[in-house]
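Asker: My questions will all concern the structure given below.
The values are calculated or read from the model by the stated rules, or taken from the named source; none is laboratory data. Quantities reported herein were computed from a predicted structural model and do not represent experimental measurements. Every residue, glycine as well, gets a Cβ built from its backbone with ideal geometry; the counts of neighbours run over all protein chains shown. These accessible areas exclude ligands, DNA and RNA; they are computed on the full protein's heavy atoms, side chains included. Shrake-Rupley method; radii C 1.70, N 1.55, O 1.52, S 1.80 Å.
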Amino acid sequence: MNFTPVMLRWLGSKHVPWAALTMGTGVVMVAAAPRLFAPYDPTRIDILHRLAPPLGWGGNAAHLLGTDQLGRDVLSRLIYGAQVSVAVGLAGALGAAAIGLLLGMSAGYFGGSCDAAVMRVAELILSIPVMLLALGVIGALGPSLGHLLLVLVLVSWARYARLVRAEVMRLRGRAFVELARVAGCGAIRIITVHILPNVLNPTLVLLALDIGRLIVLEASLSFLGVGVQPPAPSWGLMMASGREYLRTAWWLATMPGLAVLLTCLAANRMGDWMRDRLDPHRRTD
Amino acid sequence: MLQVRDLQVAFGRGPALVRVLNGVSLSLRSGELCGLVGESGSGKTVLALSILRLLPQDAAIRGSIRLGGEDLLTASAARLRALRGAVVSMILQDPMTALNPLLTVECQVGEPLTYHCGLRGHLRREQVVALLEKVRLPGARQLLHAYPHQLSGGTRQRVAAAAAIAGGARLLIADEPTTALDASTQADFVRLLHRLARETGMAVLFISHDLHLVLELVKRVVVLYAGHILEDGPAADALRSPKHPYTQALAACVPTLERRGERLPTVGGTPADPARLLPGCPFAPRCPEVAPACSMMPPLVEAETGHSVRCWLRLARR
Amino acid sequence: MIRLDQVSKRYAPAVVAAVRNVSLTVEAGEAYGLVGESGSGKTTIGRMLLALEVPSSGRVLFRGEEVSSLRGGRLREYRRHVQAVFQDPYEALSPRQRVEKIVGEPLSVHRLCGASARARRVAELLRSVGLPEEAAARFPHQFSGGQRQRIAIARALALEPDFLVLDEPVSALDVSIQSQVINLLRDLRSERRLGYLFISHNLAVVAYLCDRIGVMYAGCLVEEGWREDVLCQPQHPYTRELLDALPGSGRLLAVPGPTLAPPAAVGCPFRHRCPYMMEICCTMEPRIRPSGAGHRVACHLYEEAS
């Protein structure tokens, strides 16, 4: 793949990350309305044209990214699969971040028994292997997209809570927070106005990293059969089933892998950029 | 001993180039106590770091720094390592960050002894005790196994001083060594520096923003502002008859007991930012006696024997 | 106006108390200077006054009301009277807020005026501390240390308090800037009839601003009196040590200097450093008692005399 380094350089440029923004919005748009973009029905089987290679590797324009072992169009499946990946990555990470922020800030600011309770639960969750926890919950509730999301939020929020708590405890002793108390600010105002903007940075960075992690986690769970159920397309499921054909039809696993890679890169780059925009020290005005 | 000639240091390049030192010349004889006074942004720390060649890689250095006849700017990395600690040494502002929190006092003070003198074991320990006694730390033997966090600020700074002189340095650069200390600990540390210089005969470059404190210790004082030396003369003159308006202002604006209750004379404006310097005298924007000629840089001229000043007014008055 | 009554503060049961049995009063409009080395408890006293810490025993009173018992609305009301400026101007301002928000925040928290009135008031406050009105639109990191300290002072003045706790407000500033801020604090005090608790380790700075001076050592108030009395006729050996330590006299190297010793746990805490130590100092801790008009000292030397 000789275009990956080029992509990396684009995404790494210092200024507005146009490539990452385009990639990000592209994925979200495609995920929002896959019907408009997909050339075929992602579940339409066409045995006659099975395992057609992508355009440029001996394939033709009918199937730009080739077809899979059942002759389904890879591009269409990628586009429909984006729906699951985006839902999982974005919603899972956002939900986990929101819960983690809320609990982490209360634990860090109020301390005492509130802190102890939140942190014990967080440690409990972090000490159980993610897969085991996920399998357990899905096993009990039954596989569905909603339950998958629930599991991902459940296993992810603790990392945010720990990060946020440590930041808040550090900030709580800083002079400007104490002076806010002296000025008469109540707890809610101090948390929202003085502490929250300062913990958003590290949270955003973790969020950007987490989107990629959750997409991969969804892939793993789907691969194990407790995530998205076939024949519905998901990037993880596609990678899992393409694994058997790595020698003969590399594009089956590579194309969704590339999609995951680029989406993660774009998410990270946008996270960095947002962090810079939110930090007044880096803003020039 | 130390000869700095026309030292120029700049960071960055192109439009972002910041000249931190602009042709600084300074010489120190053996055993001389010299004060370097300047506010933030004056380049005093950069000067100290360039003498030790500890500036970051991207710093552009021109001029010459000679230490005991050896050119430091062309010296090899190995030679510099041999010189640091053994010939030239440094004490930093914050004794908490200057000491490694995980090493005992014996290790910190003893490290230069091992590195430069090859001392080990029992011999090294005896030498460390001798050094701690030299910096007047009571109960030196009990201190050997103490960690930095167990010591008070003043004691820590003394341990840092003991480590700095352990290698037998001939030149000690003390960069704001007392700024983080309390008033009486500060006075005490200045007394210690004085005694160490007298006993060991080493030269001391004492860097501070507090003119009054510097004058307690040194015989000669150099005033640095925005990377230019504005005045270089005997310490006794700096208070009684300062030549440069900046030195005058510095001498006047420090609160002293004698003038308590009075309104303090002030220097308006803020210390010069080396990134935003206009041509001409760097102090001109804040100078109460600014004249049209000040839009050009005045030369550093010897006004009296051993007393140089960089100011058009003083030149005209001669 | 402010009275500390036998106040002690102990952070943990096993640790030596940060403040021990300190009693002092500050009248309305008076500037009281508290001097001492780091760890002497002077900052803790300021923090108890600001209701940031609760005393372990004793009472901190403001106009006869106990500060640590104030809650909710009463505490907010108290905040309008007592404000603070801290040492580090880089720490004191919220890094993500513009100056107008920082200075105007106390006004909006206490709902004292509408948006347009607040903007006018912020401009007025910035002018009164010697900053241009345009400063309101900028962020703290665009200012130098001295300018930030002015912003911090403007914010402390926003509620028109009667009393300011100033904890080392000039220690982190360049010398030429120190004098500007000291003069500003002097002017503000005479314009607004402010009372100050000025905390510093530098006796000379305190002498410039304060009417009365208290000297603290190891959590105890060891000497207190009018400025002239403390500076010209210091009684406690520690006060003398502090005076000897001031640079500028040219006598610094002539004085022998104290030995570095931590405060003693039993008896007079200063005895290890004291050149006048007597037998009684090893066993009994001296209590602070009057030793002249408005002068108090905690030292056995003066008990014998009286």
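Asker: Considering only chain B, what is the antiparallel percent among its DSSP beta bridges, to the nearest 5?
Answerer: Here the share of antiparallel DSSP bridges comes out near 60 percent.
Asker: Per residue, how big is the convex hull of segment A:135-201 when only Cα atoms are used? Give it in Å³.
Answerer: 105 Å³
Asker: Still on this model: Per residue, how big is the convex hull around the C-alpha atoms of segment C:1-67? Give it to me in cubic angstrom, could you?
Answerer: 77 Å³
Asker: Can you check how the C-alpha radius of gyration of segment B:201-318 compares to 2.2 N^0.38 Å, as a plain ratio?
Answerer: Dividing the Cα radius of gyration by 2.2 N^0.38 Å gives 1.08.
Asker: Starting from the Cα of residue B:219, step 7 Å along the direction of its Cβ; do the same at residue A:55; then give the gap between the two resulting points in nm.
Answerer: For residue B:219 paired with residue A:55, the spin-label model returns 8.6 nm.
Asker: Please list, or write none, the lysines whose alpha carbon is within less than 29 Å of the alpha carbon of residue C:42, excluding same-chain residues fewer than 8 places away.
Answerer: Partners found: C:9.
Asker: Continuing with this model, one more query. Bins of 10 Å, beginning at zero and ending with the bin holding the largest distance: percent of Cα pairs per bin for the protein assembly as shown, please.
Answerer: All Cα pairs considered, the percentages come to 2, 10, 16, 18, 18, 15, 10, 6, 3, 1, 0, 0.
Asker: Just to verify a number: FRET efficiency for residue C:265 and residue A:187, C-beta to C-beta distance, R0 = 60 Å, to 0.05?
Answerer: Step by step, r from the Cβ atoms, then E = 0.95.
Asker: Once label points are set 7 Å from the Cα along Cα→Cβ at both residue A:16 and residue B:74, what is their separation, rounded to one decimal in nm?
Answerer: My value for the distance between the label points is 5.3 nm.
Asker: Would you work out what percent of the accessible area of segment A:184-282, with all protein chains in place, is carbon or sulfur (probe 1.4 Å)?
Answerer: Carbon-and-sulfur percentage of accessible area, whole number: 66.
Asker: Along Cα→Cβ, 7 Å out, is where each label goes; now give me the distance between the ones at residue C:253 and residue B:241 in nm to one decimal.
Answerer: The two pseudo-label positions are separated by 2.2 nm.
Asker: How many angstrom separate the Cα center of segment B:151-213 from the Cα center of segment C:150-202?
Answerer: Measuring centre to centre over Cα atoms gives 31 Å.
Asker: Rounded to the nearest 5, what % of the DSSP beta bridges within the protein assembly as shown are antiparallel ones?
Answerer: 55 percent
Asker: Count the DSSP beta bridges whose two residues both fall in chain C, then state the antiparallel fraction as a percent rounded to the nearest 5.
Answerer: Of those bridges, close to 55 percent are antiparallel.
Asker: Can I ask one more? Could you tell me how far the Cα centroid of segment A:102-117 sits from the Cα centroid of segment C:1-46, in Å?
Answerer: The two parts, judged by their Cα centres, are 31 Å apart.
Asker: A follow-up question, please. Just how far, in whole angstrom, is segment A:138-208 from segment B:288-318 if you go by their alpha carbon centroids?
Answerer: 60 Å
Asker: Shifting gears a bit: R0 = 60 Å: FRET efficiency of residue B:273 with residue A:48, Cβ-based, nearest 0.05?
Answerer: 0.20
Asker: Let me ask another. Between C:112, C:61, C:209, which gets the highest mean-square fluctuation from a Gaussian network model of chain C, Cα cutoff 10 Å?
Answerer: C:112
Asker: Turning to a different aspect of this structure: So what's chain C giving for Cα Rg divided by 2.2 N^0.38 Å, two decimals?
Answerer: Here the answer is 1.06, to two decimals.
Asker: If I ignore ligands, DNA and RNA and count only protein heavy atoms, how much of residue A:167 is accessible to a 1.4 Å probe, in Å² to the nearest 10?
Answerer: 40 Å²
Asker: To continue, here is another question. With θ set to phi - 60°, apply the Karplus curve 6.51 cos²θ - 1.76 cosθ + 1.60 along segment C:208-224 and write out the HN-Hα couplings as whole Hz, x wherever there is a Gly or Pro.
Answerer: For segment C:208-224, the Karplus curve yields 6, 10, 10, 7, 10, 10, x, 10, 10, 9, 6, x, 10, 7, 9, 8, 8 Hz.
Asker: Which FRET efficiency, nearest 0.05, do residue B:304 and residue A:25 yield, Cβ-Cβ r, R0 56 Å?
Answerer: The computed FRET efficiency comes out at 0.15.
Asker: Restricting to Cα atoms and excluding each atom paired with itself, what does the Kirkwood estimate give for chain A in Å?
Answerer: 20.8 Å
Asker: Calculate the all-directions average of the projected area of chain B's alpha-carbon convex hull, and give it in nm².
Answerer: The orientation-averaged projected area of the Cα hull of chain B comes to 17.7 nm².
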